[in-house]
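Engineer: One structure coming up, written as structure tokens, with questions to follow.
The values are calculated or read from the model by the stated rules, or taken from the named source; none is laboratory data. These numbers come from a predicted model, not from an experiment. Counting neighbours? That spans all protein chains shown, and the Cβs are built from the backbone with ideal geometry, glycine included.
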Amino acid sequence: MIKILITGASRGLGLEFTKQYLERGDNVIATCRQPEKAKELEGLQKDFGKRLEIEQLDVTSEKSKDVLYQKLLDDSIEINILINNAGIISGDEKEGLSFGNLYKEDFSKVFQVNTVSPILISEKFLPLLKEAIEPKIVNISSMSGSINNKTRSGGYAYSSSKAALNMMTKTLSNELKEMEITVVAIHPGWIKTDMGGENAPLELESSITSIISVIDSLSIKDTGKFLDWQRNEVQW
Ligand SMILES: NC(=O)c1ccc[n+]([C@@H]2O[C@H](COP(=O)([O-])OP(=O)(O)OC[C@H]3O[C@@H](n4cnc5c(N)ncnc54)[C@H](OP(=O)(O)O)[C@@H]3O)[C@@H](O)[C@H]2O)c1
């Protein structure tokens with residue numbers, strides 16, 4: 001039985017990770033901005049009881065991060081897997097803004113959530129990961145962040161935030177290698193969620209099952225890799 005901390009667990013990938021890890025018997029700390037509105041998580045609590053801890057965490061808030069860290073530290077919690085999953089396409093709009101409509105605050109919001117938060121959360125929660133068995137940090141990236149695969153225009157904030165997340169992942173993997181903490185970026189595929197939309201070819205349940213088996217298979221030999229949901233290496 002392992003313990004997994006997931007950011008952005010109120011819906012989409014984060015909620016499905018929570019559900020599937022619980023179903024197979026693991027413990028999950030499911031974090032979200034507004035636990036009082038996370039009805040699906042509440043429903044899971046009824047089925048899985050104490051194996052699910054629902055905690056407030058806005059990944060961009062220092063205070064929220066500090067409060068959660070202190071709580072977990074006081075409870076002597078060890079985290080085996082940290083999944084930095086919370087992500088946004090744009091600060092105000094569902095769609096990424098196109099050239100001609102860009103504005104700087106939008107970039108700031110997207111970079112805060114998608115790029116800065118994963119590294120700061122990894123830094124903050126490191127003491128809880130360090131003592132755990134085979135600790136892993138999984139940053140949910142995107143093919144949109146692959147410079148080699150970028151063939152379309154648009155998605156300026158989102159794509160560049162994920163490309164920068166990939167660099168954060170690589171740098172952090174070098175930092176934590178000696179501690180035997182595996183750090184990877186994973187492109188989850190294009191999945192039907194609020195973000196992915198109805199036209200996405202992949203179903204949430206099967207994609208997350210596949211990503212969980214990729215995460216299970218990771219060892220320190222894989223640290224610093226950019227993988228997809230089928231364990232193929234993605235070009236940077
Ligand atoms: N779906 C896809 O096709 C796809 C493809 C490639 C990569 N991804 C990546 O996969 C991850 C999850 O995407 P998704 O499809 O599940 O998106 P989603 O359905 O839009 O869900 C996004 C999640 O992130 C949370 N979130 C946003 N800002 C936050 C903040 N400041 N603090 C804490 N949580 C925050 C949201 O919480 P609220 O409910 O509070 O808003 C929600 O739980 C993202 O990193 C995304 O970039 C998705």
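Engineer: Sort through Ser108, Ser122, Ser98, Ser61 and tell me the only one that's modelled with pLDDT under 95 and out of contact with any Phe, Trp or Tyr (no Cβ under 7 Å at 6 or more places or on another chain).
Structural biologist: Working: Ser108 fails: modelled with pLDDT under 95; Ser122 fails: modelled with pLDDT under 95; Ser61 fails: modelled with pLDDT under 95.
Answer to the selection: Ser98.
Engineer: Identify, from the list Gly8, Gly12, the residue that is within 10 Å of the ligand (Cβ to nearest atom), buried (at least 19 other Cβ atoms within 10 Å of the Cβ) and under 24 Å from Leu73 (Cα atoms).
Structural biologist: Unique residue meeting the criteria: Gly8.
Engineer: Next question. In the stretch 132-140, is there at least one residue being under 18 Å from Lys177 (Cα atoms), surrounded by fewer than 17 Cβ atoms within 10 Å (Cβ to Cβ) and not hydroxyl-bearing (Ser, Thr, Tyr)?
Structural biologist: Within the stretch 132-140 (the criterion being under 18 Å from Lys177 (Cα atoms), surrounded by fewer than 17 Cβ atoms within 10 Å (Cβ to Cβ) and not hydroxyl-bearing (Ser, Thr, Tyr)), the answer is yes, since at least one residue qualifies.
Engineer: Next question, about the same structure. Could you run through the stretch 45-90 and say how many residues are away from the ligand (no atom under 14 Å from the Cβ) and not β-branched (Val, Ile, Thr)?
Structural biologist: Residues that pass the stated criteria total 20.
Residues are listed down the side, and each one gets a yes or a no for (1) out of contact with any strand residue (DSSP E or B) (no Cβ under 9 Å at 6 or more places or on another chain); (2) closer than 15 Å to Asn139 by Cβ:
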position: Ser153; (1), (2): yes, no
position: Tyr156; (1), (2): yes, no
position: Thr169; (1), (2): no, yes
position: Lys177; (1), (2): no, no
position: Ile181; (1), (2): no, yes
position: Asp194; (1), (2): yes, no
position: Pro201; (1), (2): no, no
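Here's the yes/no breakdown for (1) within 16 Å of the chain's Cα centre (by Cα); (2) within 16 Å of the ligand (Cβ to nearest atom); (3) surrounded by fewer than 13 Cβ atoms within 10 Å (Cβ to Cβ); (4) over 24 Å from Ala9 (Cβ atoms):
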site	(1), (2), (3), (4)
Asn149	no, yes, no, yes
Arg152	no, yes, yes, yes
Ala157	no, yes, no, no
Lys170	yes, no, no, yes
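Engineer: Looking only at the stretch 16-36, count every residue that is of a type in the set (Gly, Ala, Ser) and crowded, with 19+ Cβ neighbours inside 10 Å and tell me the total.
Structural biologist: Residues meeting the conditions: 1.
Engineer: List, please: which pairs have Cβ atoms under 7 Å, are six or more places apart or on different chains, and start with a residue in the stretch 184-202 that is without any contact (Cβ under 8 Å) to a residue 60 or more places away in the chain and assigned to a strand (DSSP E or B) and end with one that is near the ligand (Cβ under 7 Å from one of its atoms) and aliphatic (A, V, I, L, M)?
Structural biologist: Between residues of the stretch 184-202 that are without any contact (Cβ under 8 Å) to a residue 60 or more places away in the chain and assigned to a strand (DSSP E or B) and residues that are near the ligand (Cβ under 7 Å from one of its atoms) and aliphatic (A, V, I, L, M), the close pairs are Ile186/Ile140; His187/Met143; Leu202/Ile191.
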